[in-house]
Amino acid sequence: MAESSNPERALSSQQYNPAADVVINTIKVEDLFDALAAGARDFRQSPKYGLFFGVVYMLGGWLILALLRWFELPFFAYPLAMGFMLVAPFFASGLYEVSKRLELGKELSWSGVLGSIFGPEKRDLRWMALVTGFALVLWMDIAAILFFGFLGFKDFTANFINELFTTPSGLLFLAIGNLAGAIIAAFVFSFSVISFPMLFDRDIDFVTAMVTSVKSVQKNPWPMFVWAIIIGLLVSVSLLSVFVGLIVTVPILGHATWHLYRRVVSSASADATQ
């Protein structure tokens, strides 16, 4: 009886189960804006790290555009630019490290921040990146099938924009393509929104993290829907600025994702000791 009344002793007397130590909390839309405010605060406190990741993302976007122009594949620019954000959260784990260290009052260093991405203990985080990378490949395959299915195998180098926005087949491609992209994005969002910061923060396998993320979305459908809309709007603005906006949106969203995760997921053992 005495053993069960002491949570710490009870946990130490049996094998620790990370999955059983997860508590999914209910959040409100206000928590999203609090997380964004916290993300902006972290960015202001450690701007050099945020700017570094933002510039890397911007250069990655420019590289994509340059390669598509080189290979004369302009029709892949939009789906690849949007799909690029599917794998982006993996590299944002460096921003999670910054927020976590600021939260704990620890010193920041480049070795610690970059090591949080590529360290050997982050194996499952890289497996999660592989899963989202597969989703990106799937999305590009679907985009290619839809494009050639609606517009055919023609040379669009000269009049691509005109063909896309002024012809019935082009408009239909845009409608169905965006719908397909939204479905895939919603699916990826559901299993990745919490899993990436969770894998960074805890010694847990990527399947459990994905399941926890989906359950978090199911428990908080409206706030998570609003969060997805916020991400979509910020990413869209960044795309309209030819990726320059990523210099600011990436660090703020990265830091904010960490704070949102901290609000959504807590530890049963920590709650029991309070």
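Observations on the model:
- Given +1 at the Cβ of Lys and Arg, -1 at the Cβ of Asp and Glu and no other charges, the dipole of segment 31-267 around its Cα centre is 400 debye to the nearest 20.
- Cut-off under 5 Å, modelled amide H: who pairs with Val265 long-range: Asn25
- Here's how it looks for Phe243: its modeled amide H is under 5 Å from none belonging to a residue 5 or more places away or on a different chain.
- Under 5 Å, built H, 5+ apart or other chain: amide partners of Val22: Ala268
- Listed peptides 27-39, 185-197 appear in the order 185-197, 27-39 once ranked by packing, highest mean of other Cβ atoms within 10 Å at the front.
- Calculated from backbone phi, Karplus (6.51, -1.76, 1.60) coupling profile of segment 202-219 in Hz, x at Gly/Pro: 10, 7, 9, 7, 5, 5, 4, 5, 5, 4, 4, 5, 4, 5, 5, 5, 5, 7
- Convex hull per residue volume in Å³, alpha carbons only, for segment 31-267: 126 Å³
- As a rough guide to protection, the peptides 40-53, 232-245 ranked by mean Cβ packing within 10 Å, highest first, stand as 40-53, 232-245.
- Nearest-0.05 FRET efficiency for Ser267 and Lys215, computed from C-beta distance (R0 22 Å): 0.90
- 3J(HN,Hα) along segment 25-42: 8, 8, 10, 10, 4, 4, 5, 5, 6, 5, 5, 5, 5, 5, x, 5, 5, 4 Hz, from the Karplus curve 6.51 cos²θ - 1.76 cosθ + 1.60 with θ = phi - 60°, whole Hz, x for Gly and Pro.
- Diffusion coefficient, µm² s⁻¹, Stokes-Einstein with Kirkwood Rh over alpha-carbon pairs of segment 159-211 at 20 °C and 1.002 mPa s: 159 µm²/s
- Taking other C-beta atoms within 10 Å as the exposure proxy, Asp124, Asp21, Asp203 rank Asp203, Asp21, Asp124 from fewest upward.
Rule-based calculations on the coordinates, nothing more; no lab input. Note that the structure is predicted; figures quoted are calculated from it, not measured. Glycine also receives a Cβ, built like all others from the backbone with ideal geometry; neighbour counts cover every protein chain displayed.
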